[in-house]
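Only one structure is covered here, and it is reproduced in the block below.
The values are calculated or read from the model by the stated rules, or taken from the named source; none is laboratory data. Here the structure is a predicted model, which is why all the values come from computation and not from measurement. All Cβ positions, glycine included, derive from the backbone under ideal geometry; neighbour counts span all protein chains shown. Areas reflect the complete protein model, heavy atoms only, side chains present, ligands, DNA and RNA absent. Shrake-Rupley method; radii C 1.70, N 1.55, O 1.52, S 1.80 Å.
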Amino acid sequence: MATTLISGGTVVTATGRSAADVLVDGEKIAAVLAPGSTLLGHDLAGSVDTVLDATGKYVIPGGIDAHTHMQMPFGGTEASDTFETGTRAAAWGGTTTIVDFAIQRYGERVMDGLAAWHEKAAGQCAVDYGFHQIIGDVNDDSLKAMEALPDEGVSSYKLFMAYPGVFYSDDAQIYKAMRVGAETGLMTMMHAENGPAIDAMVADLLAQGKTDPYYHGVARAWQMEEEATHRAIMLANLTGAPLYVVHVSAKQAVEQLAAARDNGQNVFGETCPQYLYLSLEDQLGAEGFEGAKWVCSTPLRSKHEHHQDHMWQSLRTNDIQMVATDHCPFCMKGQKDMGVGDFSKIPNGIGSVEHRMDLMYQGVVDGKISLERWVEITSTTPARMFGMYGTKGVIAPGADADVVIYDPNGHTSIGVEKTHHMNMDYSAWEGYEIEGHVDTVMSRGRVVVNNNEYLGSKGHGQYVRRATSQYLV
Ligand code: URP
Ligand code: ZN
Ligand code: ZN
């Protein structure tokens, strides 16, 4: 088996940083050693197959993006990244594991949905992948099937309080699913927005001739998110279900989560880069139909209400525990443009899987989070939250050799003609400049990106059977 020494770098984990060399043997990390260590009197660098020089750079566990939707059928079309293109873009950006969503649609059986997603992903991925299960039709059969999810390596499922007629669950369905989730040891993931009220407001706005993308954000007001978050928390409290609220964007929703945590409840929140950097006014409100590029749900929030600043603060204080992308890309031409003249027909989603590690590193440069917190919210907590820790999310002997060498003196210019490898005809991050660069990416011991060259291959990525969340009590 091939051996690699990553030498001279600063190893950064969620708990600290130190100068250390990392020895990789095959697919695993074999040792983390004092710089320049010898083995039985032998110079290590001279005994391994490959030496990667990380002098002046950070050596971190590979990123884990716990919320992606590759080739998801949604909004009358399909997300434009396949498992092949999306995981390749992830690799380019230093993400070595994704957790995507298998879907049970209305009238379908849960295990058929899971099997269909295995079929889409198998043999296609550049990096490792796992699945959460969307339960889009809570009924006796799907409740029974939920009990079998842990045996499939699926330890979390997602419900929707939004999208009536698509994935929506009413309160009775949520209550029933949460009861099973609590008993089965599954993490309940919630899309917390009041879908029926949003749909009524959408109809009102369209009737007034308010058809631009901007009104997507108006209809999906923060009150819709706060109310649903509160309701989800109360139903979780009643049923004893651990709760993880996805794509949190409103500061009022964070306050609901923080209050519940202060009250001793086992609830968590995820945010996404778009809710930290982008706004209702600057992006959704862009000239003409441009705002469609940033139509996603929950929506971008008003900068005048300071949701973005509050979200950075919540990341620092651990009121929000982690950052995923909710990567759900659509092209402007042929997909987003379905909603010209009617914002409600714009497919919901933004693509960011390639840029999450960089965008969050810029938060370190800007003094918003620490270096260790960067690793924690992008890799270690996702691993713990979703049952992968030890194998993923850490630089330690026995862990998978998913390692990123990150150059703090490098530079990354984001743009569709620049660093972009996602299958989209625009970038939601066009013009963003990052004061850092993903230098080398190793996935289970194999270098898949090095010095701006892609060395990975389709099919290298394996299915990750996930265990119970470490946050369950
Ligand atoms: O706009 C979004 N978030 N699209 C993906 C589906 C979801 O709700 O996560
Ligand atoms: Zn959602
Ligand atoms: Zn999503």
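Taking the range 381-393 as the range and being touching a residue at least 24 places away in the same chain (Cβ under 8 Å) and surrounded by fewer than 24 Cβ atoms within 10 Å (Cβ to Cβ) as the test, the residues that pass are Arg384, Tyr389, Thr391.
Results for (1) within 16 Å of ligand 2 (Cβ to nearest atom); (2) buried (at least 23 other Cβ atoms within 10 Å of the Cβ); (3) more than 30 Å from Val154 (Cα to Cα), shown as yes or no for each residue.
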site: Ala177; (1), (2), (3): yes, yes, no
site: Thr184; (1), (2), (3): no, no, no
site: Asn194; (1), (2), (3): yes, no, no
site: Asp199; (1), (2), (3): yes, no, yes
site: Leu205; (1), (2), (3): no, no, yes
site: Lys210; (1), (2), (3): no, no, yes
site: Ala228; (1), (2), (3): yes, yes, no
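Picking from residues in the range 415-457 that are surrounded by fewer than 14 Cβ atoms within 10 Å (Cβ to Cβ) and on the phi > 0 side of the Ramachandran plot, the one that is farthest from the chain's Cα centre (by Cα) is Asn451.
Residues in the range 124-134 that are closer than 19 Å to Ala90 by Cα and either open to solvent by less than 40 Å² (accessible area, probe 1.4 Å) or not polar (S, T, N, Q) (or both): Cys125, Ala126, Val127, Asp128, Tyr129, Gly130, Phe131, His132. Cβ-Cβ under 6 Å, sequence separation 6+ or interchain: first residue in the range 300-319 and polar (S, T, N, Q), partner buried (at least 18 other Cβ atoms within 10 Å of the Cβ). Which pairs? So the pair list comes out as Ser302/Leu280; Gln308/Leu276; Ser314/Val254; Ser314/Ile320.
The number of residues in the range 1-32 that are at pLDDT 95 or above, of a type outside the set (Gly, Ala, Ser) and open to solvent by 20 Å² or more (accessible area, probe 1.4 Å) comes to 10. Can you find a residue that is within 13 Å of ligand 3 (Cβ to nearest atom), open to solvent by less than 10 Å² (accessible area, probe 1.4 Å), within 24 Å of Gly387 (Cα to Cα) and at pLDDT 95 or above anywhere in the range 104-123? Within the range 104-123, not a single residue is within 13 Å of ligand 3 (Cβ to nearest atom), open to solvent by less than 10 Å² (accessible area, probe 1.4 Å), within 24 Å of Gly387 (Cα to Cα) and at pLDDT 95 or above. Per the listing Ala232, Ala236, the residue uniquely part of a helix (DSSP H, G or I), within 16 Å of ligand 2 (Cβ to nearest atom), at pLDDT 95 or above and open to solvent by less than 10 Å² (accessible area, probe 1.4 Å) is Ala232.
Considering Ser155, Ser142, the condition of being under 28 Å from Val353 (Cα atoms), open to solvent by less than 50 Å² (accessible area, probe 1.4 Å) and not acidic (Asp, Glu) is satisfied by Ser155 alone. Yes or no: the range 66-84 includes at least one residue that is in contact with a Lys or Arg (Cβ under 7 Å, 6 or more places away or on another chain), open to solvent by 10 Å² or more (accessible area, probe 1.4 Å) and on the phi > 0 side of the Ramachandran plot. Scanning the range 66-84 turns up at least one residue that is in contact with a Lys or Arg (Cβ under 7 Å, 6 or more places away or on another chain), open to solvent by 10 Å² or more (accessible area, probe 1.4 Å) and on the phi > 0 side of the Ramachandran plot.
Among residues of the range 326-348 that are among the hydrophobic types (A, V, I, L, M, F, W, C), those with a beta-carbon under 9 Å from a residue that is within 16 Å of ligand 3 (Cβ to nearest atom) and assigned to a helix (DSSP H, G or I) at least six positions away or on a different chain give the pairs Phe343/His216; Ile346/His216. For the range 230-248, check the following and say yes or no: at least one residue is β-branched (Val, Ile, Thr), within 16 Å of ligand 1 (Cβ to nearest atom) and farther than 20 Å from Cys328 by Cα. No: zero hits. Across the range 350-380, which residue is farthest from Met1 (Cα to Cα) among those that are surrounded by fewer than 24 Cβ atoms within 10 Å (Cβ to Cβ), touching a Lys or Arg at 6+ places or on another chain (Cβ under 9 Å) and of a type in the set (Gly, Ala, Ser)? Restricting to residues being surrounded by fewer than 24 Cβ atoms within 10 Å (Cβ to Cβ), touching a Lys or Arg at 6+ places or on another chain (Cβ under 9 Å) and of a type in the set (Gly, Ala, Ser), the top hit is Gly363.
Residue pairs whose Cβ atoms lie under 7 Å apart, separated by 6 or more positions or on different chains, with the first residue in the range 101-121 and touching a residue at least 12 places away in the same chain (Cβ under 8 Å) and the second open to solvent by 50 Å² or more (accessible area, probe 1.4 Å) and assigned to a helix (DSSP H, G or I), are Arg109/Asp141; Leu114/Glu152. Ala89 meets the stated requirement of being away from ligand 2 (no atom under 16 Å from the Cβ) and in contact (Cβ under 8 Å) with a residue 40 or more places away in the chain.
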